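In what follows, a structure is listed as structure tokens, so that the remarks can point back to it.
The values are calculated or read from the model by the stated rules, or taken from the named source; none is laboratory data. Every value quoted in this text rests on a predicted model; they were computed, and no experiment measured them. No Cβ is skipped: glycine too gets one built from the backbone with ideal geometry, and neighbour counts run over all protein chains shown.
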Amino acid sequence: MEARLGVRLAERSTRKVALTEAGRTYLDRIRPLLHDLQAAGREAVAFADGEARGHLRITLPGNFGRMWLTPLIVEFLRKHPRVTIEADTSNRFVDLIGERFDLAIRLGELPDSRLVARKVAERRRMICASPDFIARHPAIQTPQDLANYPCLCFTGRHDPYRWNFTKPSGGSLGVTVSGPLASDDAELLIEAAVSGLGILYTSDWYACRDLAAGKLVEVLPDWALLDRGAVYVVTPAAAGTPSKTRAFSNWITEKLAAPPWVVQRTATSTQTVKQASR
């Protein structure tokens, strides 16, 4: 430091070291900076190991977020008053690192990447139709029958008109479908299915309320669709994760351990069985 500054900061002998006038002046000026640096270090450690605090930027699927995550986010903020959240629900696939997001909730099957994915819940693909539609058409025995029925296709999928199934005995089977409506708006497709316009390819978390209410009925339940996927919490890195991010990730994992879309439908189905048996 003396070489860099070009001045002697301390006098040295075999018994002691004493600051020069320049050294004392320099120390007096930098002492507040040293205190600030120590305080900044303590605050940084608190973000990693202490109480959850700070601004959390998250991104989540719009429909899924509105249906199942909204109450969880509100409850989390009540329990962690030192955290603020900015939630992006635009349904775009954001670059967490490039756009400085702390965490993402993502659905489906995740590709390998620099991100750390934590599976928090299962989600199942299914096909369904209204009871009225089922009553007006011949029984659907196998996926091949779907080629002769009006189908409702979600264009957010890679190949919306190709529905791939797993045979009950093993192996796979694909069928090409068509119908009166295709859209990237899942709510529109649900409304069309409830109104009896056709057979819908959807997810259990989206259709569960209409299934539980009897507005929709699952079709070909013994034939699983291939792209089951899951619900994931995704973060940029595992090491050094701030307490705010870790707390929110753990919160979502805990709350979705028993997926509410499964619990809700199961509870309604159980109640229906009890009422029918009286």
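Do you know which residues across the stretch 2-17 are over 60 Å from the mean Cα position of the chain (by Cα) and outside any loop (DSSP other than H, G, I, E, B)? Once the filter is applied, which keeps residues that are over 60 Å from the mean Cα position of the chain (by Cα) and outside any loop (DSSP other than H, G, I, E, B), the stretch 2-17 yields GLU11, ARG12.
Look through GLU122, GLU109 and report the one residue that is touching a Pro at 6+ places or on another chain (Cβ under 9 Å), of a type in the set (Asp, Glu), modelled with pLDDT under 95 and within 30 Å of LYS167 (Cβ to Cβ). The unique qualifying residue is GLU122. If you scan the stretch 187-220, which residues turn out to be under 19 Å from ARG162 (Cα atoms), crowded, with 21+ Cβ neighbours inside 10 Å and out of contact with any Cys (no Cβ under 6 Å at 6 or more places or on another chain)? Those that are under 19 Å from ARG162 (Cα atoms), crowded, with 21+ Cβ neighbours inside 10 Å and out of contact with any Cys (no Cβ under 6 Å at 6 or more places or on another chain): LEU189, ILE190, ALA193, TYR201, THR202, SER203. Hey, does the stretch 212-225 have a residue that's closer than 21 Å to PRO61 by Cα, of a type outside the set (Ser, Thr, Tyr), out of contact with any Phe, Trp or Tyr (no Cβ under 7 Å at 6 or more places or on another chain) and touching a residue at least 40 places away in the same chain (Cβ under 8 Å)? Looking through the stretch 212-225, none of the residues is closer than 21 Å to PRO61 by Cα, of a type outside the set (Ser, Thr, Tyr), out of contact with any Phe, Trp or Tyr (no Cβ under 7 Å at 6 or more places or on another chain) and touching a residue at least 40 places away in the same chain (Cβ under 8 Å). When the residues of the stretch 132-186 are filtered to those that are within 17 Å of GLY229 (Cβ to Cβ) and out of contact with any helix residue (DSSP H, G or I) (no Cβ under 8 Å at 6 or more places or on another chain), the one that is surrounded by the most Cβ atoms within 10 Å (Cβ to Cβ) is PRO160.
Scanning the stretch 60-85 for residues that are more than 24 Å from ALA230 (Cα to Cα) and either outside any strand (DSSP E or B) or under 12 Å from the mean Cα position of the chain (by Cα) (or both) yields LEU77, ARG78, LYS79, HIS80, PRO81, ARG82. For the stretch 177-278, the helices (runs of 4 or more DSSP H) that sit wholly inside it and include 2 or more residues that are over 16 Å from SER130 (Cβ atoms) and at pLDDT below 90 are 260-277. From ARG114, ARG118, ARG106, grab the single residue that is within 33 Å of the chain's Cα centre (by Cα) and either among the hydroxyl-bearing types (Ser, Thr, Tyr) or in a loop (DSSP other than H, G, I, E, B) (or both). So the residue among ARG114, ARG118, ARG106 that is within 33 Å of the chain's Cα centre (by Cα) and either among the hydroxyl-bearing types (Ser, Thr, Tyr) or in a loop (DSSP other than H, G, I, E, B) (or both) is ARG114. If you go through the stretch 1-39 and pick out every residue that is aliphatic (A, V, I, L, M) and in contact with a helix residue (DSSP H, G or I) (Cβ under 7 Å, 6 or more places away or on another chain), you end up with 4.
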